[in-house]
Amino acid sequence: MKNALRLCSALLAALAVSAHAADSKCEAAATDKKLSGAARTSFVKKCESDSAAASCDAQAAEKKLAGAAKTSFTKKCVEDSVAKNAGAACEAQAAEKKLAGAAKTSFTKKCIADAGA
């Protein structure tokens, strides 16, 4: 049981590191392409989603999933990864704007909803 928990912890840590690396990589690629505004947002969102899909496919392969189980796992994994990245980005934007309390909560909630759209 302890080994299973250690393995899960290691996988989650690896996913978090790869998600952060993908986020930095996508932002850097958008900067290199000199994108701004909606084009930059769209590019970064797709880049992060593609990166999450690759990471989730690797996890599914490690678990030896196939067929519908692999599809279901990968879909949920990508959604969770993208939502996590959106949450972190929205928190950072709220901090930049020096929001606190209800204003921060409202901003973050709307930002995450917009990111998911």
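Descriptive notes on the structure:
- Restricting the range 42-54 to residues that are loosely packed, with under 14 Cβ neighbours inside 10 Å and of a type in the set (D, E, K, R), the residue that is nearest to Ala29 (Cα to Cα) is Lys46.
- Close contacts from the range 58-74, counting a first residue that is touching a residue at least 12 places away in the same chain (Cβ under 8 Å) and a second that is aromatic (Phe, Trp, Tyr) and assigned to a helix (DSSP H, G or I), with Cβ to Cβ under 8 Å and a gap of 6+ residues or different chains, come to Gln59/Phe73; Ala60/Phe73.
- Gln59 meets all of the listed conditions (1) at positive phi; (2) under 18 Å from the mean Cα position of the chain (by Cα) but one, namely (1).
- Total residues in the range 100-117, condition surrounded by fewer than 16 Cβ atoms within 10 Å (Cβ to Cβ) and at pLDDT 85 or above: 8
- Any hit, the range 55-73, residues being closer than 19 Å to Ser24 by Cα and either in contact with a strand residue (DSSP E or B) (Cβ under 8 Å, 6 or more places away or on another chain) or surrounded by 12 or more Cβ atoms within 10 Å (Cβ to Cβ) (or both): yes
- Reported count of residues in the range 89-112, each being free of Cβ contacts under 8 Å to residues at least 60 places away in the same chain, within 18 Å of Cys47 (Cβ to Cβ) and small (Gly, Ala, Ser), is 1.
The values are calculated or read from the model by the stated rules, or taken from the named source; none is laboratory data. Predicted model only: the values in this text are computed from it and were never measured. Backbone-built Cβ (ideal geometry, glycine too); neighbour counts: all protein chains shown.
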